[in-house]
Structure formats: structure tokens, C-alpha cells
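Data block below; observations after.
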Amino acid sequence: MRLARVAVLAAAAVLPLNLTACSKPAPATDTSPIVIGADLELSGVDAAVGNTYARALQLRIDELNALGGVNGRRIVLEQKDNRSDASVSVADVNAFGAEPGIAGLIIGACATCAADVSKTLDDRMLPTLTLAPAGGLVRPVTDHPYLFKLGPDADDSASVLAGLLQEASIHTAALLSTDDVNGADAIAAISTQAPRAHVNLVSKQTFKATDTDLAQPVHAALAKNPGALVVSTFAAQAALVAQTAHEDGYTGRLFFDATAAGDLFLAGSAAQATEGAIMVAPQTLVIDDVVATTPAKTARKRWFDDYTSRFGGFSGYSTYAADAVQVLVDAVRTAGGPDHRKMRDIMEDTAFDGLSGQVRFTPDNHSGMMSQALTSVVARSGRWRLFG
């Protein structure tokens, strides 16, 4: 009898614990926003490029939020203006790094900015994508483990250029580019590829990214009587090179690398000066000339239409920014939240057919845009068209 009573008491003692365990509420689902930081050139010399990135980032985030965000969590873009100044960029990135909820960063066109903040990114273990052209920013990977790049590699762009020069039977060319990190990368790549296409670079002229008068370097290039001018700089200065050469009476061939692949439409004197120019570009720049035969091409056409509808024109630069958002969002989703170390490892194993083209990162290569993403376009009647 005593044993039975003890058993009943023991069961009674356990019962409340079991009830408590069964009735304990499940952990609350995290509904806080996923914050993506963007350090962009919203003013200063590269403002045209930076503002294109800003528009594209917000549009892509709006589209993803309309699809449910990241596991139901809204994506928020927090922008800072680095004023095309590396010292301001350093301050911006330090501020972003101090925010505990930041998922990752996107840095704009300024290659020096990305180079100067790379140590901070590593110290804070903050996954970051740079949209600057210079591929050297992410090589070797061991020097910049948290920095990734989206946009054409200078080597890939130069390879396409060399093929175009060879097809056009160009044997001599003058190269014009900026005297910064982006330009140095392009000059090295083009200088390597040109001899393989049996092209002699008879002149290499550089100028500052801030220059608005390019008469001196263009005159110096034309003095060598080149068979073509090869230009590597952002779209505004590329058009200025073309206009300056046109005013000098130059009637030869013009070739631009992918750095210049910005706006679809060419206005005013730039349209006349660039008529017939050939440029390396992402296919999406001229996607309205392409038949959509795959889901990826259909998505690019949709992006082209959405961007054009909202902003009244289209820019090839927009595709890199949109894909950068996708890389970070996919990493957050797979990691189960903004876990920076996990995100970095996930990003190193990312491959998808993006809006800019085929994108693939590996542990040995943090420059994601593949060479197959590039095509060639030609300026005709004030806009770029698919070439060939």
C-alpha cells in the first residue's frame, strides 16, 4: 500500500514538469529586416555610375521583397555616399561594420575604395561585393577572403577585344585609359592580349578619371597614326574620347572594353562620334535584340523591361548591381540568417545564370562573372545593337 502511494506521488510530481515542457511556446520567428549596406558614388566624378547602381539595387530589392524577401524577412537597402572619394569610403565601411545587423555590403565603381577597405572587411568578417572593374582587387583570394567581385574581368574583356581587332584586320592601335587601379588592370590585360592578335600598341595614353578635357592624350594617340583607338574607361569618358577624336578629324575604328558598357542610348554629339564603334558588353545591354530561348534570357528581358519602365532608359551597369543583391540574399537564405562566416563559405560555392550573365565563384576565384557572359555590340543610330 505504501509502495503504491509513493508511486502515485512520484507520478504527480513528474506531471507538472511534463505539462510545462509540452506547453512551452516555440521560439519566436525572427522577423527583423535583412539589411544590405551599399557604399556608392552618389556624387563626385563617378556619380553617373554610382546612381545607376543605386537605382538597380533598390529595384532588385523591391522585386525580391514582392516575392517574400528572405524567408519572410524584408530586405532593406542602406546607402551611403562615398562621394567618389576613397577616404570617405573607408569611413562609410567602418560605420557599416559597426552595425550588428548588417548582412553584407556592396561597394560601387571606385576600385581604390575597395582596395582601401579590404582589411576592414576581413577584420569585421563582412561579406562584400565590389562592382569596380579591376580584377586585381580580389586576387589572390587569401589576401581578401571576404571581398568578392561582380562585373567583367579585364582579362576576359581584353580577350574579346583582341578577337574583334583581329577580325577587323587591325594591326596597330592606340590605347587610352585612366591612370587609376581600374585603368592599370585594363592596360595590363590589353597589353597582354594585343600581341596574340598580332596587334601592335603604338601608343598608351592615360588620363585622370576626373578629366573633362582629353585633348592632350587623344592628340598624342592620334599622332602615332593608329589603325584603331582602344578605350578603357567608364561610359562618359569613353564618349568624350570619341568626341575629341571626331573633332580632330579621326575617321578610323573605335573599340571600347566592357568598362564603357553603360547606357543603351547615346545622345547628342556622342551618338555621331561613336557611330560604328564596337564595344564589349553584357548581353543584357542589347537583350531586346536577342530571342528569349532560355529561362535566363527571359529573366534578362524582364529586367530590361522593368528597369526601362521605371527609369526611362537602360544601363548595362545595372545588371551587376542586381546580381550582387542576389548573391547576398541567396547566401543569407542558405545560411539561415546573416551569419557572416557561413555566408562567405556559401558565396565561394555560388553558381547561377544571372542578369549580367553566367556567374560563378570558387574558393580560388572571387571574380564571379564568367567570360561567356560577354558579347560584342555596335553603335548604330544613337544606340548599341548586337554586333555580328
Query raised in the report: Considering only residues of the stretch 190-223 that are crowded, with 16+ Cβ neighbours inside 10 Å and in contact (Cβ under 8 Å) with a residue 40 or more places away in the chain, which is farthest from the chain's Cα centre (by Cα)?
Result: L222
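A quick yes/no check of all residues on (1) under 27 Å from E99 (Cβ atoms); (2) among the acidic types (D, E); (3) surrounded by fewer than 23 Cβ atoms within 10 Å (Cβ to Cβ); (4) not assigned by TED's automatic domain parsing to the domain that holds V160:
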| residue | (1), (2), (3), (4) |
| --- | --- |
| T308 | no, no, yes, yes |
| A321 | yes, no, no, yes |
| V325 | yes, no, no, yes |
| V332 | yes, no, no, yes |
| D345 | yes, yes, yes, yes |
| A351 | no, no, yes, yes |
| D364 | no, yes, yes, yes |
| W384 | no, no, no, yes |
Report summary line: Here the residues within the stretch 355-382 that are assigned to a strand (DSSP E or B), within 13 Å of the chain's Cα centre (by Cα) and among the aliphatic types (A, V, I, L, M) are V359, M369
**Report entry** Check on G151, farther than 17 Å from G368 by Cβ and either touching a residue at least 40 places away in the same chain (Cβ under 8 Å) or not in a helix (DSSP H, G or I) (or both)
**Finding:** no
Report summary line: Subset of the stretch 165-189, residues in contact with a Ser or Thr (Cβ under 6 Å, 6 or more places away or on another chain) and crowded, with 16+ Cβ neighbours inside 10 Å, comes to A174, S177, T178, V181, G183, A186, I187
Query raised in the report: Just one of the numbered conditions (1) at pLDDT below 95; (2) under 24 Å from A158 (Cβ atoms); (3) not acidic (D, E) is not true of Q237; which one?
Result: (1)
Report summary line: Given the conditions (1) over 22 Å from P226 (Cα atoms); (2) at pLDDT below 95; (3) in a helix (DSSP H, G or I), every one holds for V291 apart from (3)
Requested in this report: Name, by its number, the condition in (1) under 20 Å from Q358 (Cβ atoms); (2) of a type in the set (D, E); (3) touching a Gly at 6+ places or on another chain (Cβ under 7 Å) that does not hold for D156.
Outcome: (3)
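The values are calculated or read from the model by the stated rules, or taken from the named source; none is laboratory data. Bear in mind the structure is a predicted one, so any value in this text is a computation, not a measurement. Cβ: placed from backbone, ideal geometry, glycine included. Neighbour counts: every protein chain shown.
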